[in-house]
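The values are calculated or read from the model by the stated rules, or taken from the named source; none is laboratory data. From a predicted model like this one, the values you see are computed outputs, not experimental measurements. We place every Cβ from the backbone using ideal geometry, glycine too, and count neighbours over all the protein chains shown.
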Amino acid sequence: MHRRDLIRSAALLGASTVAGHVWAAPRAEARLLVVFLRGAYDAANVVIPTGSDFYYRARPNLALAKPDPGNPGAALPLDGDWSLNPALRETILPLFAKGQAAFVPFAGTDDVTRSHFETQDTIELGQTIGAARDYNSGFMARLAAELTRVRPIAFTEQVPLIFRGAETVPNIAINGVGKPGIDARQAKLIAAMYRDSSLRPAVEEGFRVRDAVYQSISDHAAQADRGAVSPKGFELSARRIGRLMRDGFNLGFVDVGGWDTHVNQGAATGYLADRLAELGRALAGFSEEIGSGWSDTVVVVLSEFGRTFRENGNRGTDHGHGSVYWVLGGGLKGGRIAGPQVRVAEASLFQNRDYPVLTDYRALLAGLFARLYGLDQPSLRRVFAGVDPVDLGLL
């Protein structure tokens, strides 16, 4: 065999073939965390179209003031058209300034049901609208199947739809984790029951993950009491997630509730601003806890849909359509508003009520996966069937 043939054969073996196709091998240190804001957050009062006069006419009670250095409650300028809610001044704005955060307005899905549950399922499954749904095939499970050296985990009480697939993905409720309810002796008895069963690997892996997570959280508990939110708050949870993903997992999912703001949502202060402040502290804490790994980590924050552009009669907003997605990471080419945009005006609203969707979330994620993991078109099509990736130049 010639030397060049030996090198070529070694390269092919390094790529590895499984089930008849080549598996892409991500960088061992690459990490992805998807944060799902359940309830449909009001994107227009988070990344704010302060360059639009229509915004102020549509929201006489909810609109945030135009950028003004002398007004602490004013929106914070991101560019000539868009600004940020001041609740994120100390957390997300510094990341944006360093190029480690970007926002993608007019993003979402082509699901127009405006049903929380229907559209959450749509997002998590990542399948073609109108086709028969396979509830055992979430898009993050399909992504994990395309990768080697991947360690997935869901920080949820049950395995979420997004991670349902052929392989078992460990899950753990990260809020308020206490002492395991099953001690070592009981764990051995349960494992023995499944010794000759096909479920043995899943049972053993479940106990192993439980023990590893409990140990990590126990070690970290002494640092929790430092004037931050309670252990049940998402801020502390996000630091725990950062610690776990820094040390052992590279593909994660977490969901955060409380974003359905039909009544008294507030503007620069109030209910929504309080939730944003918590979320901002959580994400900033995650970036700090993951340490040097932040440079090879991508966080995507999404929601099932946006909310009505006009405020309702209860000083809140109702179920909408297009949203704004966040992309964060130490290696991001951020510090900008990314993706196709349209001038925010009455004429540009979808069905005369909502943001339109100009960037399909599957195309956006496929573009990120291609850059983060080096996935080719056939692999991307197995994650999101029939979708062409969109590269917004964020990685």
The correct count of residues that are of a type in the set (D, E, K, R) and assigned to a helix (DSSP H, G or I) in segment 374-395 is 2
Restricting segment 80-100 to residues that are out of contact with any Lys or Arg (no Cβ under 7 Å at 6 or more places or on another chain) and assigned to a loop (DSSP other than H, G, I, E, B), the one nearest to VAL298 (Cα to Cα) turns out to be GLN100
Taking ALA107 as the residue in question, decide whether it is in a helix (DSSP H, G or I), modelled with pLDDT of 95 or more, within 24 Å of LEU328 (Cβ to Cβ) and in contact with a helix residue (DSSP H, G or I) (Cβ under 7 Å, 6 or more places away or on another chain). no
query: Yes or no: LEU147 touching a helix residue (DSSP H, G or I) at 6+ places or on another chain (Cβ under 9 Å) and either charged (D, E, K, R) or closer than 18 Å to VAL299 by Cβ (or both)?
result: yes
In segment 292-302, is there at least one residue being assigned by TED's automatic domain parsing to the domain that holds TYR361, assigned to a loop (DSSP other than H, G, I, E, B) and either modelled with pLDDT under 95 or of a type in the set (D, E, K, R) (or both)? no
In segment 335-371, anything touching a Lys or Arg at 6+ places or on another chain (Cβ under 8 Å) and under 24 Å from GLY242 (Cα atoms) is listed as GLY335
Checked against (1) part of a loop (DSSP other than H, G, I, E, B); (2) touching a helix residue (DSSP H, G or I) at 6+ places or on another chain (Cβ under 8 Å), ARG343 satisfies every condition except (2)
For segment 52-64, pairs from a residue that is within 13 Å of ASP42 (Cα to Cα) and touching a residue at least 24 places away in the same chain (Cβ under 8 Å) to a residue that is among the basic types (Lys, Arg) and not in a helix (DSSP H, G or I), with Cβ under 9 Å and 6 or more apart or across chains, are ARG59/ARG310; LEU62/ARG315
Selection from segment 134-156 of residues within 17 Å of the chain's Cα centre (by Cα) and over 21 Å from TYR373 (Cα atoms) yields PHE155, THR156
- Query: Does GLY258 satisfy the condition of being assigned to a helix (DSSP H, G or I), modelled with pLDDT under 95, in contact with a Lys or Arg (Cβ under 8 Å, 6 or more places away or on another chain) and farther than 26 Å from GLN341 by Cα?
  - Reply: no
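Identify all residues within segment 370-395 that are among the aliphatic types (A, V, I, L, M) and farther than 17 Å from LEU358 by Cβ; write none if there are none.
Of everything in segment 370-395, those that are among the aliphatic types (A, V, I, L, M) and farther than 17 Å from LEU358 by Cβ turn out to be ALA370, LEU372, LEU375, LEU380, VAL383, ALA385, LEU395.
Give the residue, chosen from ALA166, ALA131, that is modelled with pLDDT under 95, within 26 Å of GLY374 (Cα to Cα) and over 17 Å from the mean Cα position of the chain (by Cα).
Being modelled with pLDDT under 95, within 26 Å of GLY374 (Cα to Cα) and over 17 Å from the mean Cα position of the chain (by Cα) holds for just one of ALA166, ALA131, which is ALA166.
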The correct count of residues that are in contact with a Ser or Thr (Cβ under 7 Å, 6 or more places away or on another chain) and either assigned to a loop (DSSP other than H, G, I, E, B) or among the aliphatic types (A, V, I, L, M) (or both) in segment 306-327 is 7
Here the residues within segment 134-178 that are of a type in the set (Asp, Glu) and in contact (Cβ under 8 Å) with a residue 24 or more places away in the chain are GLU146, GLU167
Residue pairs within 6 Å by beta carbon, gap of at least six or interchain, first lying in segment 106-124 and under 17 Å from ARG362 (Cβ atoms), second charged (D, E, K, R), listed first then second, are THR119/ASP111; THR119/GLU304; GLN120/GLU304; THR122/ASP111; ILE123/GLU304
